[in-house]
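Right, one structure below, let's go through it.
The values are calculated or read from the model by the stated rules, or taken from the named source; none is laboratory data. Predicted model only: the values in this text are computed from it and were never measured. As a convention, Cβ positions derive from the backbone with ideal geometry for all residues, glycine included, and neighbour counts pool all protein chains shown.
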Amino acid sequence: PFDVLVVGGGPAGAAAAIYAARKGIRTGVVAERFGGQVNDTLEIANYPGVPETTGPQYAAALEQHVRNYEVDIMNAQQVVKLVPAEQAGGLLQVQLANGGVLHSRTVILATGARWRNVNVPGEQEYKTKGVAYCPHCDGPLFKGKDVAVIGGGNSGIEAAIDLAGLVKHVHVVEFMPELKADQVLVNKLHTLPNVTVHTNKQTTEIHGAEGKVNALNFKCRASGDETRVALEGVFVQIGLVPNTEFLGDTVERTRFGEIVVNARGETNVPGVFAAGDCTTVPYKQIVVAAGSGSTAALSAFDHMIRTPEV
Ligand code: FAD
């Protein structure tokens with residue numbers, strides 16, 4: 001059995017594995033896709049000490065760093081179930097889609113999240129070529145240009161306010177007749193001169209040419225009229241879904257599916273810790289995920305030395 005078994009191989013899982021392995025304890029990582037979400041991005045320029053890298057480069061570096069230690073990496077494996085220990089100090093069980101079962105004294109859940117897609121023509125084709133999901137990451141790429149934000153909830157309006165300070169003009173497109181964000185955010189948005197809000201509009205297509213986005217099409221849900229707005233970027237902000245469905249009721253989650261953790265990365269189940277985008281830790285960023293991964297690993301180690309093995 002493992003002392004620490006990490007589920008997920010993104011920045012949070014990799015940091016957890018490095019910290020655990022450096023304690024000289026038996027460490028394993030099981031991941032569907034090592035590297036996680038960073039595989040899907042081009043430029044990373046906000047990780048302290050790494051002025052510029054690419055997603056695939058960073059993902060490869062994460063894996064190399066973990067491989068420098070004695071860590072059992074099980075890549076391309078999906079976890080389908082977690083079974084808590086029957087008694088304190090007992091072994092937890094992690095079940096794999098291929099039927100395998102792993103045992104460990106502690107488990108760190110770092111399964112990340114995925115952005116909800118709008119599922120219109122052009123979205124997949126122009127991902128990282130104008131279609132973006134993270135304003136903190138990609139906002140600066142659109143300096144002085146026109147962009148749209150799809151989604152009028154809190155994340156959409158926060159993104160629009162953020163982007164309005166960087167880009168030339170922001171179009172906010174909301175499906176419902178009203179913006180769903182908190183009133184303070186909506187009030188702030190309305191004070192900005194370079195934002196246009198389009199409510200009751202259904203996005204129909206992200207249009208592009210020569211490998212780049214050049215327009216957004218949306219339809220008025222009342223009149224049926226189609227509008228095309230020329231722009232260079234589209235930020236999709238209709239929700240981030242944590243990859244935690246497989247946990248069912250075993251670990252406490254919020255109504256958004258985020259695993260509830262305290263400042264030490266502990267969940268409500270003894271011996272089970274969590275880190276990164278799959279948790280309630282605010283701000284879904286690489287540096288935050290890595291930080292919370294190291295916290296979870298140190299907490300798991302702390303738990304082990306205080307809990308007699310049974
Ligand atoms: P993830 O990176 O999502 O990793 C989750 C891991 O868990 C993966 O290995 C996955 O395969 C695995 N997994 C999931 N479910 C299971 C399962 N059931 N069984 C086994 N394994 C499982 N942040 C920045 O700071 N800077 C940026 O420039 C930046 N750009 C981004 C661009 C894009 C396009 C996207 C999508 C995100 C970007 N982010 C950026 C956000 C950043 O990628 C995330 O905050 C970060 O990757 C979260 O790390 P994580 O380890 O918590 O989760």
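May I ask you to say which residue of Gly152, Gly100 is at pLDDT 95 or above, outside the structural domain of Glu32 (by TED's automatic domain parsing) and out of contact with any helix residue (DSSP H, G or I) (no Cβ under 6 Å at 6 or more places or on another chain)?
On the way: Gly100 fails: outside the structural domain of Glu32 (by TED's automatic domain parsing).
Testing whether each residue is at pLDDT 95 or above, outside the structural domain of Glu32 (by TED's automatic domain parsing) and out of contact with any helix residue (DSSP H, G or I) (no Cβ under 6 Å at 6 or more places or on another chain) leaves just Gly152.
Kindly establish whether Val234 is outside any helix (DSSP H, G or I), of a type outside the set (Gly, Ala, Ser) and touching a His at 6+ places or on another chain (Cβ under 8 Å). No; evaluated as a whole, the condition is false for this residue.
A Cβ distance below 7 Å, combined with a sequence gap of six or more or placement on separate chains, defines the contacts here; from region 211-225, residues that are in the same structural domain as Ile150 (by TED's automatic domain parsing) reach residues that are in a loop (DSSP other than H, G, I, E, B) and of a type in the set (Phe, Trp, Tyr) in the pairs Val213/Tyr126. Restricting attention to region 136-155, the residues that are more than 16 Å from the ligand (Cβ to nearest atom) and assigned to a helix (DSSP H, G or I) total 1.
Taking the stated definitions as given, is Leu240 within 12 Å of the ligand (Cβ to nearest atom), more than 14 Å from Ala110 (Cβ to Cβ) and in contact (Cβ under 8 Å) with a residue 60 or more places away in the chain? For Leu240, the condition - within 12 Å of the ligand (Cβ to nearest atom), more than 14 Å from Ala110 (Cβ to Cβ) and in contact (Cβ under 8 Å) with a residue 60 or more places away in the chain - is met. When the strands (runs of 3 or more DSSP E) confined to region 1-95 are screened for residues that are among the small types (Gly, Ala, Ser) and near the ligand (Cβ under 9 Å from one of its atoms), those reaching at least 1 such residues are found at 27-31.
Among the residues that make up region 205-219, is at least one of them assigned to a loop (DSSP other than H, G, I, E, B), more than 19 Å from Asn154 (Cα to Cα) and among the aliphatic types (A, V, I, L, M)? Looking for residues that are assigned to a loop (DSSP other than H, G, I, E, B), more than 19 Å from Asn154 (Cα to Cα) and among the aliphatic types (A, V, I, L, M), one finds none in region 205-219, hence no. Give me the residue from region 219-237 that is buried (at least 21 other Cβ atoms within 10 Å of the Cβ) and within 16 Å of Phe175 (Cα to Cα) and, out of that set, farthest from the chain's Cα centre (by Cα). Only one residue tops the list, namely Val234.
Quick one: which residue in Phe246, Phe273, Phe301 is within 16 Å of the ligand (Cβ to nearest atom), farther than 24 Å from Cys137 by Cα and assigned to a helix (DSSP H, G or I)?
Going through Phe246, Phe273, Phe301 in turn, the sole match is Phe246.
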